[in-house]
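First the structure, in the form of C-alpha coordinates, and then the observations on it.
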Amino acid sequence: MIAHSRKVGDIEVTALSDGRLATSLDVILGMDRTEAARLAGTTGGDVHIAVNAFLLKLSGRWALVDAGAGNSMGPALGRLAENLRAFGVAPEEIAAVFLTHIHPDHSNGLVDASGHAVYPNAELIVHETEARFWLDRDEASGANERIRRNIAKAAVATAPYRQRLRAVREGEAMAGVAAVALPGHTPGHTGWLIASGKESLLIWGDLVHLASVQVARPDTGLVFDVDPQTACATRLRTFDRVAADRLKVAGAHMDFPGFGTTVRRGAGFAFEPEA
Ligand SMILES: [Zn+2]
(Lines give C-alpha, C1' and ligand atoms only; values in the text may rest on other atoms or scores of the structure.)
Protein backbone atom coordinates (compact mmCIF):
# COMPACT_ATOMS: atom_id res chain seq x y z
CA MET A 1 0.00 0.00 0.00
CA ILE A 2 1.42 3.37 -0.98
CA ALA A 3 -1.42 5.75 -0.06
CA HIS A 4 -4.01 5.87 2.70
CA SER A 5 -6.51 8.72 3.13
CA ARG A 6 -8.59 9.97 6.05
CA LYS A 7 -10.61 13.10 6.68
CA VAL A 8 -9.94 15.73 9.35
CA GLY A 9 -13.10 17.80 9.12
CA ASP A 10 -13.08 19.12 5.55
CA ILE A 11 -9.37 18.46 5.05
CA GLU A 12 -8.28 15.23 3.39
CA VAL A 13 -5.00 13.85 4.75
CA THR A 14 -3.29 11.09 2.78
CA ALA A 15 -0.27 9.17 4.02
CA LEU A 16 2.14 8.52 1.16
CA SER A 17 5.07 6.16 1.51
CA ASP A 18 8.60 7.25 0.63
CA GLY A 19 9.86 3.71 1.28
CA ARG A 20 11.53 1.98 4.18
CA LEU A 21 14.70 2.98 5.97
CA ALA A 22 17.17 0.36 7.14
CA THR A 23 18.59 1.35 10.49
CA SER A 24 20.32 -0.32 13.40
CA LEU A 25 19.89 -0.62 17.15
CA ASP A 26 23.30 1.08 17.37
CA VAL A 27 21.50 4.42 16.91
CA ILE A 28 19.99 4.10 20.41
CA LEU A 29 21.70 6.08 23.15
CA GLY A 30 22.20 4.78 26.67
CA MET A 31 20.20 1.55 26.54
CA ASP A 32 21.50 -1.93 27.10
CA ARG A 33 21.67 -3.70 23.71
CA THR A 34 19.81 -6.81 24.93
CA GLU A 35 16.98 -4.66 26.24
CA ALA A 36 16.84 -2.69 22.97
CA ALA A 37 16.67 -5.93 20.95
CA ARG A 38 13.93 -7.27 23.23
CA LEU A 39 11.83 -4.12 22.79
CA ALA A 40 12.46 -4.06 19.02
CA GLY A 41 11.58 -7.76 18.77
CA THR A 42 14.74 -8.61 16.88
CA THR A 43 17.70 -10.86 17.54
CA GLY A 44 19.95 -9.11 15.01
CA GLY A 45 20.83 -5.43 15.17
CA ASP A 46 18.95 -4.37 12.05
CA VAL A 47 15.51 -2.80 12.02
CA HIS A 48 13.47 -1.26 9.22
CA ILE A 49 11.28 1.76 9.76
CA ALA A 50 8.71 3.41 7.50
CA VAL A 51 9.30 6.84 5.99
CA ASN A 52 5.91 8.55 5.52
CA ALA A 53 4.97 11.91 4.08
CA PHE A 54 1.46 13.38 4.22
CA LEU A 55 -0.55 14.98 1.44
CA LEU A 56 -3.13 17.60 2.44
CA LYS A 57 -6.08 18.69 0.35
CA LEU A 58 -6.86 22.17 1.66
CA SER A 59 -9.97 23.64 0.03
CA GLY A 60 -8.82 22.58 -3.42
CA ARG A 61 -5.10 23.23 -2.94
CA TRP A 62 -2.59 20.44 -2.48
CA ALA A 63 0.17 20.59 0.11
CA LEU A 64 2.72 18.12 1.43
CA VAL A 65 4.09 17.63 4.91
CA ASP A 66 7.69 16.53 4.27
CA ALA A 67 9.26 15.52 0.98
CA GLY A 68 11.01 12.19 1.55
CA ALA A 69 14.66 11.31 0.94
CA GLY A 70 14.93 11.77 -2.83
CA ASN A 71 18.00 10.01 -4.16
CA SER A 72 20.11 10.73 -1.09
CA MET A 73 19.60 7.55 0.92
CA GLY A 74 19.58 4.63 -1.50
CA PRO A 75 16.98 2.91 -3.68
CA ALA A 76 14.69 1.74 -0.84
CA LEU A 77 13.71 5.39 -0.27
CA GLY A 78 12.79 8.30 -2.51
CA ARG A 79 9.48 6.93 -3.76
CA LEU A 80 7.31 9.85 -2.68
CA ALA A 81 7.03 11.69 -6.02
CA GLU A 82 6.16 8.51 -7.94
CA ASN A 83 3.62 7.48 -5.29
CA LEU A 84 2.14 10.98 -5.44
CA ARG A 85 1.72 10.61 -9.21
CA ALA A 86 0.23 7.12 -8.77
CA PHE A 87 -2.27 8.69 -6.36
CA GLY A 88 -3.25 11.10 -9.14
CA VAL A 89 -1.51 14.33 -8.13
CA ALA A 90 1.31 15.81 -10.22
CA PRO A 91 4.26 17.35 -8.31
CA GLU A 92 3.55 20.61 -10.21
CA GLU A 93 0.16 20.79 -8.45
CA ILE A 94 1.73 20.98 -4.97
CA ALA A 95 1.25 24.56 -3.73
CA ALA A 96 3.13 24.22 -0.42
CA VAL A 97 5.53 21.88 1.34
CA PHE A 98 5.56 22.05 5.14
CA LEU A 99 8.73 20.55 6.62
CA THR A 100 8.76 18.96 10.06
CA HIS A 101 12.53 19.41 10.02
CA ILE A 102 15.45 19.56 7.62
CA HIS A 103 16.92 16.06 7.90
CA PRO A 104 17.69 14.26 4.60
CA ASP A 105 14.83 11.71 4.85
CA HIS A 106 12.35 14.61 5.07
CA SER A 107 13.85 17.24 2.80
CA ASN A 108 16.19 15.78 0.18
CA GLY A 109 13.21 14.71 -1.92
CA LEU A 110 12.61 18.42 -2.60
CA VAL A 111 15.17 18.12 -5.41
CA ASP A 112 15.99 15.60 -8.14
CA ALA A 113 19.42 14.15 -8.94
CA SER A 114 20.37 17.35 -10.83
CA GLY A 115 19.35 19.60 -7.95
CA HIS A 116 16.19 20.86 -9.66
CA ALA A 117 12.96 21.44 -7.73
CA VAL A 118 10.65 18.42 -7.77
CA TYR A 119 7.82 20.77 -6.66
CA PRO A 120 8.40 23.79 -8.94
CA ASN A 121 5.29 25.67 -7.79
CA ALA A 122 5.50 25.00 -4.08
CA GLU A 123 6.13 27.47 -1.31
CA LEU A 124 8.48 25.91 1.26
CA ILE A 125 7.31 26.45 4.84
CA VAL A 126 9.63 25.77 7.76
CA HIS A 127 9.99 26.91 11.36
CA GLU A 128 12.32 29.89 11.64
CA THR A 129 14.47 28.13 14.27
CA GLU A 130 14.97 25.21 11.89
CA ALA A 131 15.83 27.49 8.98
CA ARG A 132 18.32 29.36 11.16
CA PHE A 133 20.01 26.16 12.36
CA TRP A 134 20.50 24.42 8.99
CA LEU A 135 20.44 27.10 6.32
CA ASP A 136 22.56 30.18 5.69
CA ARG A 137 25.42 28.84 7.72
CA ASP A 138 28.84 27.55 7.04
CA GLU A 139 29.08 23.76 7.01
CA ALA A 140 32.26 23.96 9.11
CA SER A 141 30.32 25.63 11.95
CA GLY A 142 28.43 22.39 12.70
CA ALA A 143 29.19 20.90 16.13
CA ASN A 144 29.88 17.39 14.78
CA GLU A 145 30.33 15.44 11.57
CA ARG A 146 26.65 14.41 11.31
CA ILE A 147 25.50 18.03 11.64
CA ARG A 148 28.12 19.28 9.16
CA ARG A 149 27.03 16.64 6.62
CA ASN A 150 23.36 17.55 7.06
CA ILE A 151 24.06 21.30 6.72
CA ALA A 152 25.61 20.53 3.31
CA LYS A 153 22.62 18.38 2.27
CA ALA A 154 20.14 21.00 3.51
CA ALA A 155 21.76 23.63 1.28
CA VAL A 156 21.35 21.41 -1.80
CA ALA A 157 17.76 20.38 -0.97
CA THR A 158 16.51 23.93 -0.42
CA ALA A 159 18.57 25.78 -3.07
CA PRO A 160 15.84 26.08 -5.75
CA TYR A 161 13.28 27.14 -3.09
CA ARG A 162 15.13 30.02 -1.49
CA GLN A 163 13.03 32.71 -3.20
CA ARG A 164 9.84 31.04 -1.99
CA LEU A 165 10.85 29.88 1.46
CA ARG A 166 8.63 31.10 4.30
CA ALA A 167 10.04 30.84 7.82
CA VAL A 168 7.24 30.76 10.40
CA ARG A 169 6.79 30.78 14.16
CA GLU A 170 4.46 28.74 16.34
CA GLY A 171 0.83 29.16 15.27
CA GLU A 172 -1.23 29.09 12.11
CA ALA A 173 0.85 29.08 8.92
CA MET A 174 -2.06 28.52 6.55
CA ALA A 175 -5.80 28.07 7.13
CA GLY A 176 -6.12 24.73 8.95
CA VAL A 177 -2.38 24.13 9.40
CA ALA A 178 -0.54 25.37 12.51
CA ALA A 179 3.06 24.93 13.63
CA VAL A 180 3.64 23.30 17.03
CA ALA A 181 7.23 23.51 18.29
CA LEU A 182 8.54 20.02 19.19
CA PRO A 183 12.24 20.77 19.70
CA GLY A 184 15.07 18.37 20.44
CA HIS A 185 15.35 15.97 17.51
CA THR A 186 16.38 19.15 15.74
CA PRO A 187 16.22 22.67 17.22
CA GLY A 188 13.24 23.75 15.11
CA HIS A 189 11.56 20.35 14.79
CA THR A 190 7.89 21.10 14.19
CA GLY A 191 4.60 19.27 14.47
CA TRP A 192 1.90 20.41 12.06
CA LEU A 193 -1.53 20.53 13.66
CA ILE A 194 -4.24 20.03 11.05
CA ALA A 195 -7.61 21.36 12.21
CA SER A 196 -11.01 21.62 10.56
CA GLY A 197 -14.38 21.91 12.25
CA LYS A 198 -14.21 19.95 15.51
CA GLU A 199 -11.47 17.62 14.31
CA SER A 200 -7.72 17.82 14.52
CA LEU A 201 -4.66 15.72 13.78
CA LEU A 202 -1.09 16.34 14.92
CA ILE A 203 1.50 15.32 12.33
CA TRP A 204 4.37 14.89 14.77
CA GLY A 205 7.26 14.23 12.38
CA ASP A 206 10.12 12.46 14.17
CA LEU A 207 8.82 12.87 17.71
CA VAL A 208 9.16 9.08 17.58
CA HIS A 209 11.82 7.63 15.32
CA LEU A 210 12.09 4.03 16.51
CA ALA A 211 8.58 3.28 17.76
CA SER A 212 9.25 -0.20 19.16
CA VAL A 213 11.68 1.35 21.65
CA GLN A 214 10.70 5.01 22.08
CA VAL A 215 6.97 4.57 22.78
CA ALA A 216 7.62 2.20 25.68
CA ARG A 217 10.65 4.24 26.76
CA PRO A 218 10.04 7.87 25.79
CA ASP A 219 13.23 8.86 27.61
CA THR A 220 15.38 7.08 24.99
CA GLY A 221 17.40 9.36 22.73
CA LEU A 222 18.97 8.49 19.39
CA VAL A 223 22.21 9.52 17.69
CA PHE A 224 20.08 11.48 15.16
CA ASP A 225 18.86 13.83 17.89
CA VAL A 226 20.67 17.17 17.87
CA ASP A 227 19.72 17.50 21.56
CA PRO A 228 18.62 14.07 22.90
CA GLN A 229 17.62 15.38 26.36
CA THR A 230 15.31 18.03 24.96
CA ALA A 231 13.92 15.49 22.47
CA CYS A 232 13.06 13.12 25.36
CA ALA A 233 11.36 15.89 27.35
CA THR A 234 9.36 16.97 24.28
CA ARG A 235 8.33 13.36 23.57
CA LEU A 236 7.10 12.80 27.11
CA ARG A 237 5.22 16.12 27.22
CA THR A 238 3.60 15.45 23.83
CA PHE A 239 2.60 11.85 24.69
CA ASP A 240 0.96 13.28 27.81
CA ARG A 241 -0.96 15.91 25.86
CA VAL A 242 -2.03 13.46 23.13
CA ALA A 243 -3.25 10.91 25.67
CA ALA A 244 -5.06 13.53 27.80
CA ASP A 245 -6.74 15.23 24.82
CA ARG A 246 -7.31 11.97 22.88
CA LEU A 247 -5.63 13.72 20.00
CA LYS A 248 -5.15 11.85 16.72
CA VAL A 249 -1.60 11.83 15.44
CA ALA A 250 0.39 10.85 12.39
CA GLY A 251 4.09 9.99 12.47
CA ALA A 252 6.78 10.09 9.82
CA HIS A 253 8.29 6.82 11.05
CA MET A 254 5.31 5.02 12.58
CA ASP A 255 4.33 1.90 10.62
CA PHE A 256 2.62 2.98 7.39
CA PRO A 257 0.22 4.76 7.15
CA GLY A 258 1.27 6.18 10.52
CA PHE A 259 -2.10 7.30 11.90
CA GLY A 260 -3.04 6.55 15.51
CA THR A 261 -2.82 7.91 19.01
CA THR A 262 -0.86 7.44 22.22
CA VAL A 263 -2.68 6.14 25.28
CA ARG A 264 -1.53 5.66 28.85
CA ARG A 265 -0.72 2.06 29.66
CA GLY A 266 0.54 1.08 33.10
CA ALA A 267 3.24 3.53 34.11
CA GLY A 268 3.95 4.39 30.49
CA PHE A 269 2.41 4.77 27.05
CA ALA A 270 1.34 2.67 24.08
CA PHE A 271 0.66 3.63 20.48
CA GLU A 272 -2.70 2.54 19.12
CA PRO A 273 -2.70 2.54 15.32
CA GLU A 274 -5.92 3.75 13.74
CA ALA A 275 -7.97 0.83 12.44
ZN1 LIG B 1 13.24 11.13 10.01
| message | Which residue is nearest to the ligand (Cβ to nearest atom), if the candidates are limited to segment 195-215 and must be among the polar types (S, T, N, Q) and either in a loop (DSSP other than H, G, I, E, B) or more than 28 Å from THR23 (Cα to Cα) (or both)? | response | SER200
| task | Could you tell me whether segment 39-61 includes any residue that is modelled with pLDDT under 95, within 16 Å of the ligand (Cβ to nearest atom) and either assigned to a loop (DSSP other than H, G, I, E, B) or surrounded by fewer than 16 Cβ atoms within 10 Å (Cβ to Cβ) (or both)? | result | yes
| Residue tally, condition in contact (Cβ under 8 Å) with a residue 40 or more places away in the chain and surrounded by fewer than 22 Cβ atoms within 10 Å (Cβ to Cβ), over segment 80-92 | 3
| request: Determine whether GLU130 is in contact (Cβ under 8 Å) with a residue 24 or more places away in the chain, in contact with a Lys or Arg (Cβ under 9 Å, 6 or more places away or on another chain) and either within 16 Å of the ligand (Cβ to nearest atom) or of a type outside the set (Val, Ile, Thr) (or both). | output: no
| task | Select from segment 86-107 the residues that are within 16 Å of the ligand (Cβ to nearest atom) and under 16 Å from VAL13 (Cα atoms) and write down the one among them that is farthest from the chain's Cα centre (by Cα). | result | VAL97
| request: Among the residues of segment 241-256, write down those that are away from the ligand (no atom under 16 Å from the Cβ) and not small (Gly, Ala, Ser). | output: ARG241, VAL242, ASP245, ARG246, LEU247, LYS248
| note | Within segment 223-243, residues aromatic (Phe, Trp, Tyr) and surrounded by 23 or more Cβ atoms within 10 Å (Cβ to Cβ) come out as PHE239
| task | Would you mention how many residues in segment 174-194 are within 16 Å of the ligand (Cβ to nearest atom), surrounded by 19 or more Cβ atoms within 10 Å (Cβ to Cβ) and not polar (S, T, N, Q)? | result | 8
| query | Any residue at all in segment 138-159 that is within 14 Å of the ligand (Cβ to nearest atom), within 27 Å of PRO183 (Cα to Cα), hydrophobic (A, V, I, L, M, F, W, C) and modelled with pLDDT of 95 or more? | reply | yes
| request: Working carefully through the options ARG246, ARG217, find the one that is more than 20 Å from ALA67 (Cα to Cα) and surrounded by fewer than 16 Cβ atoms within 10 Å (Cβ to Cβ). | output: ARG246
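The values are calculated or read from the model by the stated rules, or taken from the named source; none is laboratory data. Model, not experiment: these values are computed from the prediction. Positions of Cβ are generated from backbone atoms using ideal geometry, with glycine treated the same way; all protein chains shown enter the neighbour counts.
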